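Report on one structure; see the data block that follows.
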Amino acid sequence: MKSRSFAFALASLTLFAPLAACSADSATSTATDDGELIGGEEIPETAFRSTLLIRGNCTVSRVGPRHILTAAHCIFDEATHALRADFMPGAVLDITSANAADSFGPKAESGFRAVTIAKMHVPAVYFEERISGVRVLGEQVAPDVAVIELSPEAEKVLADVPIAKVDLAAVEPGDKVVIMGYGCEAGLNGPKDYSKQRLKVKRTVALGLDSQSHEGSWVGKDLAGERAKRLEKGYLFTPGQRGKTEEASLCPGDSGGPVYRDDGAENRIVGVNAYYSFRPDDGYDVSMTNWHTRLDVGSRFDIGSFLAEAGVSVTGGAKSDHHAACTKHPRTSRSLCGAFAATVSRGGGDAVFGAPLMEPRYERDAAGAWVWTQKLERKILEQRGADVKVLDVASVDGCAGKGDGLYCGVALGETDPKSLVRCGAGKVASRETCALACEGMPAGVPDRCRVEQADPCKRATAGDGRYCGGSIGGDKTSVYACTKGATFSKIVCKKGCRAMPNGVPDRCAP
């Protein structure tokens, strides 16, 4: 594969741009002679003006005076599970609302403007879901959404960009929606020209969970299972072009793009482009269905209320105060919510409970009741209503039942990726914090602290793109998305990596 074959957005959770003409017999056929793209359409400059493009990254939308809505995977390094350096507070982003953009050209040509990041807002559970590659596919089905809060100067810079509101009302199967993005137009494995990024849209309808029962689906056949139910409560689906050639599929560059409700009312955002599903015979090129993070207050983690409390403009329903009803832990400045703070204070503070490991998690249980969960170093607190239950970490998901030896804390239910725990007699014997991260090892081999190694992408001499690890000195079973000589993301392939001809990104074997 050659340079610039990888879209500047996380390859594992790609964005949407309608793909070129694609039939059931050919997933990579090209557009018609007049340049019209099948499965999507260009739009007037006056339409969907709240939709923006971050230079070298994702499709996003303006949803508040200083608030940009995107997908969490657009701003995270999936290999280290950390916020990317270019999205840290103080970093400068170039964004544009032009319908046609050149991410490699001068700013003025595509109307890019500079804005500064003041703060990031990401749901706590997204931090907790620490798996290789795609957190959407993890056991918790983490909500792939984030809000970039900009500095006050951004209000003037973006004065001509209208603010779209997030609709707190749920989208039902059959509801009309509009999906859009600046992403690639010739499939995940096709050529990608970032000097010709266009905002493309497709009017379509929302699908139900049964849309995920197709062959090759990530969900599998058990649509009544717990994980499938979690997915349904966290994501909405639309048809991809692989299933219906008149539809459109997400493609690198579309992630983070808005999904609008299409009911003739003002622009109201109901979802964020996040992921997709494929059939096994399509080479993971054109999606069967598209996945979009739900933003309503009925979603599993009440994302609508989370967004409202982050400063996002909302409409269509009443937000809750689940995320705001928190106090600050005096020693760590991490939140302890509801009655948690008083429980910790009465119980002896850090000496008994340890410091909070993450912000609290909010979710609905099977009965629809709200449950707040706070993980600390030594205890787990669960609150239903006014009742707080104190659980010992080891009794819940720690060393209990484990053999003696070293384990990464995340394998024991903890949330700190740097924690290395020594288990003995079914209890935590000791704990250390790794300098980089804890590295899980194969069965029978003790987990260990990761040793800093040369980034395989430094050997990607052909430029930015997706490479099989074996060709650049990395893991032979993985695909590395390389940009500027560094690993942007790493995807572990179940059936190994397949090297492709020059100019075509390497990919996982189907």
Exercise. On the given criteria, is L236 at pLDDT 85 or above and surrounded by fewer than 24 Cβ atoms within 10 Å (Cβ to Cβ)?
Worked result: no
Problem set entry | Candidate set: the range 319-335, residues that are closer than 24 Å to D296 by Cα and not in a loop (DSSP other than H, G, I, E, B); chosen: the one modelled with the highest pLDDT | S335
Seminar exercise, completed: Checked the range 298-318 for anything aliphatic (A, V, I, L, M), in a loop (DSSP other than H, G, I, E, B) and crowded, with 23+ Cβ neighbours inside 10 Å; matches are V312
Exercise. Which one of G208, G234 is within 16 Å of E172 (Cα to Cα) and touching a residue at least 60 places away in the same chain (Cβ under 8 Å)?
Worked result: G234
For this session: Scan the range 255-264 and give yes if some residue there is of a type in the set (V, I, T), in a strand (DSSP E or B) and either in contact with a Leu (Cβ under 8 Å, 6 or more places away or on another chain) or crowded, with 21+ Cβ neighbours inside 10 Å (or both), otherwise no.
Result: yes
Problem set entry | Of residues in the range 487-510 being part of a loop (DSSP other than H, G, I, E, B) and at pLDDT 80 or above, the one surrounded by the most Cβ atoms within 10 Å (Cβ to Cβ) | D506
For this session: Mind listing just one residue for me: the one in the range 82-109 that is outside any strand (DSSP E or B) and surrounded by 20 or more Cβ atoms within 10 Å (Cβ to Cβ) and, of those, modelled with the highest pLDDT?
Result: S97
Problem set entry | Candidate set from the range 146-202 (those that are surrounded by 20 or more Cβ atoms within 10 Å (Cβ to Cβ) and among the polar types (S, T, N, Q)); member that is nearest to S110 (Cα to Cα) | Q197
Exercise. Can you spot a residue in the range 153-161 that is part of a strand (DSSP E or B), in contact with a strand residue (DSSP E or B) (Cβ under 9 Å, 6 or more places away or on another chain) and at pLDDT 85 or above?
Worked result: no
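The values are calculated or read from the model by the stated rules, or taken from the named source; none is laboratory data. Keep in mind that what you see is a predicted model, and the values were worked out from it rather than measured. Please note: Cβ atoms are built from the backbone with ideal geometry, for glycine as well, and neighbour counts cover all protein chains shown.
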